[in-house]
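Notes follow once the structure below has been shown.
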Amino acid sequence: MRLDLFKIFLVSVLAFALAFAAAPWLAFRALQDATAAEDIQATADLVDFPAVRKSLSSQLVPQAPVSAEAPSIWTDPIGALKKVIEPIAPPPPKVDRYLTLQGLSALSRGYRPGEAPGVARGKPTLSDRVDKVMKGPHPTYAYFGVDRTRIAIKRAGRPETVTTFTFERRALFTWKLTHIQLPPDER
């Protein structure tokens, strides 16, 4: 009797550890499926949009060179005049194309936004599923922690280019996308 209770306890601990380790990967797969199906509510439940927007904005906005001081009308009159005439409004954000359902779907499948092939809407056959598994790209764990996990996916046709998705744990088995690290050539 005592040995049976120990086996039950051991199997329960192993099942919990397996479910805990698989939860971020399952959240990534759920994100892929929700964006492919254009399910807005499911995508909103899986993505922390303000955090992802902030992370993408910092990568996509070119850093202006830092000058020691603003030009003065006495030392540099032409530079001061240029400073006054420059538009005050920042350029339009480039991050919007990444945060659409199509953009997130393309990134999660290993493509740039706007370059991904269409998603089949019908029920996939067994041969379609096998082709998808064999062809890839496949998401892999780049880092696994108790509260934060990074899942990397290689670009289709360019395995040296990797997009990394960072998920943070919000509850015991609930993970939410908070950061997308774009490849260096895309920033």
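The values are calculated or read from the model by the stated rules, or taken from the named source; none is laboratory data. These numbers were taken from a predicted model, which means no experiment stands behind them. All Cβ positions, glycine included, derive from the backbone under ideal geometry; neighbour counts span all protein chains shown.
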(message) Could you list, ordered by first residue, the pairs with Cβ atoms under 6 Å in which the first is in the stretch 124-144 and in contact (Cβ under 8 Å) with a residue 40 or more places away in the chain and the second is in a helix (DSSP H, G or I), at least 6 apart or interchain?
(response) 139/28
(request) Could you tell me which residue of the stretch 111-144 is nearest to residue 183 (Cα to Cα), considering only residues that are β-branched (Val, Ile, Thr) and assigned to a helix (DSSP H, G or I)? (result) 133
(message) Among the residues of the stretch 154-175, what is the count of those that are under 20 Å from residue 49 (Cβ atoms), in contact (Cβ under 8 Å) with a residue 12 or more places away in the chain and either among the small types (Gly, Ala, Ser) or surrounded by 18 or more Cβ atoms within 10 Å (Cβ to Cβ) (or both)?
(response) 6
(request) Please work out if residue 15 is under 24 Å from residue 143 (Cβ atoms) and either touching a residue at least 24 places away in the same chain (Cβ under 8 Å) or buried (at least 17 other Cβ atoms within 10 Å of the Cβ) (or both). (result) no
(request) Out of 27, 80, report the one residue that is modelled with pLDDT under 90 and of a type outside the set (Val, Ile, Thr). (result) 80
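Would you check which residues across the stretch 21-47 are among the small types (Gly, Ala, Ser) and either surrounded by fewer than 16 Cβ atoms within 10 Å (Cβ to Cβ) or within 19 Å of residue 164 (Cβ to Cβ) (or both) and list them? I'd like the intermediate steps shown before the answer.
Applying the first criterion (among the small types (Gly, Ala, Ser)) to the stretch 21-47 yields 21-23, 27, 30, 34, 36-37, 42, 44.
If the condition is that a residue be among the small types (Gly, Ala, Ser) and either surrounded by fewer than 16 Cβ atoms within 10 Å (Cβ to Cβ) or within 19 Å of residue 164 (Cβ to Cβ) (or both), then 21, 22, 23, 27, 30, 37, 42, 44 are the ones that fit.
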